[in-house]
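Inspection log for the structure reproduced underneath, given as structure tokens.
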Amino acid sequence: MSNLLNLIWNEQIKLYAKKATWVMFAALLIVAIGGGIITKFFGTESDFKEYGDDWQAELQAENAQLTAEMEEEEFAGFMNEMTIAENIYHIENDIKPQPYDGWEYVLENSFLTSVISLFTIIVAAGIISSEFKWGTIKLLLIRPISRTKILLSKYLSVLIFAFTLLVFLLASSWLVGAVLFGLNGLNPMVVQDLMPGYVQNDVIGEIVKSYGFSLVTLVMMATFAFMISAIFRSSGMAIGLAIFLMMAGNAIVAFLSQYAWSKYILFANTNLAQYTNGMEPVIPGMSMTFSIIVLLVYFVIFIAASWAAFTKRDVAGN
Amino acid sequence: MEVYILSKTAMQLVNLKKTIGSKPIIKGLDFEIRAGEVFGFLGPNGAGKTTTIRMMVGLIDITEGDVLIEGKSIKRDFKGAIQHVGAIVENPEMYPFLSGWKNLKQYARMVEGVSEDRIKEVVSLVGLQKAIHEKAGRYSLGMRQRLGIAQALLHGPSILILDEPTNGLDPSGIREIRKYIRNLAEKENVAVIVSSHLLTEIELMCDRIGVIKNGELIAIEEVRSVENKEALKEVYIEVEPLETARAYLDNHLSNGVGVGNKELSMSVKREEIPQILKNLIEQGINIYGVRVLQATLEDKFFDLIGENSIE
């Protein structure tokens, strides 16, 4: 066990000794700060509006104004309609609207997990192939440690790296959000416009859900890149294939959705959020359980293929 | 030979074979390396030296046969076998973005019981103290070679495998490494396997040499063995008159005589030389010079493998 921890420690040292890794963290930080500044200075004014005790009357006045605006200028229609609908939801459910805050900023930044996926793919793609590129694989594999354990340490290192990026994104978004927008308490309620209409939930729960679901794609694509790296010993191919599939995944599913077997495609199942909040799955007849089983099968195949390629094959030539 | 019977076998190759596709690369190697000896693994490029070394350390699968390290099979008990081995396979490749020290720490963490002091000890053994905290990417090939030897020695192995260890070293560096390798073998009883195509190098530091060609071991030579009394030597004698001497020796030597410019050449045993000279003098032939060609390892090597052909 201490053996495995040492191996993971080794991998982390190698990872953070490279500038590229720090560039990834810097990029996330810049996006978190930049996004905050843009929201703060170019965001919709109504989002930051603080309402008084008489907030129902304020909302109604707002709606009346918006309706009038829509009659004058047709193009204002869609945005105004949304605001009106949200205001009506607040009035009907007796929820006082709260100004935009740091928590909501964290929640909104969950889209940045796709950036984390991208970075994790790059790291996963390089963690095996680089050792071959440097020639150090020969020194790594002649220690009294099984290849399986070395592979495991590398895989766990990739997951630890993804997790570190995730914590970094959460922390920096929260800090930026708190400084720029303040916080509405420890775990305020937040109203969101989801598929079936407006709903109110506590914000931490929503953050966990939204980041958590995005982790599925992250782990699957990182594992995929790791497998390609183990089989072909080339990081370029692993990065290219994984990113292409991540980007094109939904399009592939849409293109093939006419066939019944398309529900077995990985990308039809990576978005587990499709089963929450009463949404309809991409292909009829799929369920959360079905998707989890399909994901597990893919995961096992990826890991098994990586293992077979890494432990069974000769390490010869350069 | 008696000396070696006492020392134990460190590594044994048993009918070791490697076939890639349908092509036999290594065609059945059988030899052993003993504790405390420096074994030279000599052969032209493409002969299968590196392939054999890769099988010794478990980097590639063994098609047939086995490698026993301290009695343990690299195939069946990889960890038990490899823990006795320190090696450089081909070039000493290091993480270029880590310092020499951090490179060594990587490998120290992979085995039990390598202390900071041990790392320092190894670093000073290979003479890298000054540059050890510089990035390995800035090292010269010679420095990387030393760092490579340092990583191979960290855990105090009983078998050290070095692939072309003097590659890229300057003459003084080569002398140091040679001295150090001899020291390891003689004082620490380490079995050292050195592969090389540099004959002079291997001759200077090895006790025995195995010559490999086209995947087959074609000879094992004792380098420091006592001179073989039965071996024929090439002897050149400068004589006058040349023709009389030739006629006389032609009648008396079974192997015949070659005629050069002022010189006669013949293949005879060392002990025959005085008698031949005496006889020539008795025949009234003047002798101006005698030289005996020492058969160097280089000659033996080229005799053994002939041209550098790759099948």
Point-charge dipole on Cβ atoms (K/R +1, D/E -1) for the protein assembly as shown, about Cα centre, debye to 20: 3000
Nonlocal amide H pairs with residue B:161, under 5 Å, H built at 1.01 Å: B:86, B:87, B:88, B:193
Extension gain, residue A:264 back to residue A:60 (0.36 nm per residue minus Cα-Cα distance, nm): 68.6 nm
Furthest towards positive pole of dipole, B:46, B:69, B:36, structure part the stretch B:21-71, Cβ charges: B:46
Pairs of alpha carbons in the stretch A:119-278 whose separation is greater than 30 Å (percent): 35
Dipole-positive endmost among A:36, A:10, A:93 within the stretch A:1-116 (Cβ charges, Cα centre): A:10
Whole-Hz couplings from phi, Karplus 6.51/-1.76/1.60, listed for the stretch A:220-232; x for Gly and Pro: 5, 6, 5, 5, 4, 4, 4, 5, 4, 4, 6, 7, 9
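Write down the Kirkwood hydrodynamic radius of the stretch A:1-96, to one decimal in angstroms, obtained as one divided by the mean of 1/r over all alpha carbon pairs. Write down the numbers at each step before the final one.
On the way: mean 1/r = 0.0558 Å⁻¹.
It works out to 17.9 Å.
Normalised by the empirical 2.2 N^0.38 Å for globular proteins, what value does the Cα Rg of the stretch B:79-237 take? Can you show the working numbers first?
On the way: Rg = 17.8 Å, N = 159, 2.2 N^0.38 = 15.1 Å.
Relative to the rule-of-thumb radius for its length, the stretch B:79-237 sits at 1.18.
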Degrees between helix A:19-42 axis and first principal axis of chain A (Cα, 0 to 90, nearest 10): 10
GNM flexibility winner over chain B from B:278, B:102, B:233 (Cα, springs under 10 Å): B:278
Diffusion constant of the stretch A:81-208 at 37 °C, which comes from Stokes-Einstein with the Kirkwood Cα-pair radius and 0.692 mPa s, µm²/s: 182
Ranked list, fewest to most other Cβ atoms within 10 Å of each Cβ, for A:170, A:28, A:139: A:170, A:28, A:139
Ellipticity estimate at 222 nm from DSSP helix runs (n ≥ 4, -39,500 (n - 2.57)) divided over chain A, nearest 500: -24000 deg cm²/dmol
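Counting Lys +1, Arg +1, Asp -1, Glu -1, what net charge surrounds residue B:116 among other residues with beta carbon under 15 Å of its beta carbon?
Values: positive: B:102, B:105, B:109, B:118, B:120; negative: B:112, B:117, B:121.
Local charge sum for residue B:116: +2.
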Angle in degrees between helix B:116-125 and the longest Cα principal axis of chain B, rounded to the nearest 10: 20
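Could you grab the Rg to Rh ratio for the stretch A:274-318? Cα atoms only, Kirkwood for Rh. Don't skip to the end; give the middle numbers.
Details: Rg = 17.7 Å, Rh = 13.3 Å.
Taking Rg over the Kirkwood Rh, I get 1.33.
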Sequence of B:30, B:207 once ranked by neighbouring C-beta atoms within 10 Å, starting from the fewest: B:30, B:207
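Counting other beta carbons within 10 Å of each Cβ, put B:120, B:27 in order, fewest first. Walk me through the numbers before you get to the answer.
On the way: B:120 14, B:27 17.
Ordered by Cβ neighbours within 10 Å, fewest first: B:120, B:27.
Please give the net charge around residue A:128, taking every other residue with its beta carbon less than 9 angstrom from that of residue A:128, where Lys and Arg add +1 and Asp and Glu add -1.
Working: positive: A:154, A:233; negative: A:131.
So the surrounding residues net to +1.
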Separation in nanometres of the label points that stand 7 Å from Cα toward Cβ, at residue B:30 and residue B:125: 3.5
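From the square roots a ≥ b ≥ c of the eigenvalues of the alpha-carbon gyration tensor of chain A, which class results: rounded (a/c under 1.5), prolate (a/b over b/c), or oblate? Let's see the in-between values first.
Details: a/c = 2.81, a/b = 1.92, b/c = 1.46.
Prolate, because a/c is 1.5 or more and a/b exceeds b/c.
Place a +1 charge on the Cβ of each Lys and Arg in chain A and a -1 charge on the Cβ of each Asp and Glu, then give the dipole magnitude about the Cα centre in debye, rounded to the nearest 20.
On the way: 17 positive and 26 negative charges, 767 e Å.
I would put it at about 3680 debye.
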Virtual spin-label span in nm between residue A:280 and residue A:193, 7 Å along Cα→Cβ: 2.1
Listed residue pairs exceeding 25 Å between alpha carbons, taken from A:209/A:263; B:79/B:130; A:154/B:27; B:187/B:233; A:18/B:105: B:79/B:130; A:154/B:27; B:187/B:233
Tensor-based shape of the stretch A:182-226 (alpha-carbon gyration tensor, a/c under 1.5 rounded, otherwise prolate or oblate): oblate
Total formal charge among the other residues, if their Cβ is under 14 angstrom from that of residue B:83, Lys/Arg +1 and Asp/Glu -1: 0
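Report the FRET efficiency, 1/(1 + (r/R0)^6), for residue B:17 and residue A:146, where r is their Cβ-Cβ distance and R0 is 22 Å, rounded to 0.05.
Details: r = 24 Å, r/R0 = 1.11.
The calculated FRET efficiency here is 0.35.
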Computed E for residue B:242/residue B:183 - FRET, C-beta separation, R0 45 angstrom, nearest 0.05: 0.30
Between 0 and 90°, nearest 10: helix A:147-181 axis offset from chain A longest Cα axis: 20
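Using the alpha carbon gyration tensor of the protein assembly as shown, what are the three equivalent-ellipsoid semi-axes (square root of 5 times each eigenvalue), largest first, in whole Å? Could you put the intermediate results ahead of the total?
On the way: eigenvalues 1212, 115, 82 Å².
Gyration-tensor ellipsoid for the protein assembly as shown: 78, 24, 20 Å.
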For the stretch B:28-52 and the stretch A:1-75, distance of Cα centres in Å: 64
FRET efficiency for residue A:164 and residue B:140, using Cβ-Cβ distance with R0 set to 41 Å, rounded to 0.05: 0.70
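Rule-based calculations on the coordinates, nothing more; no lab input. All of these numbers come straight from a predicted model, not from anything done at the bench. With ideal geometry, Cβ positions are generated from the backbone for all residues, glycine too; neighbour counts draw on all protein chains shown.
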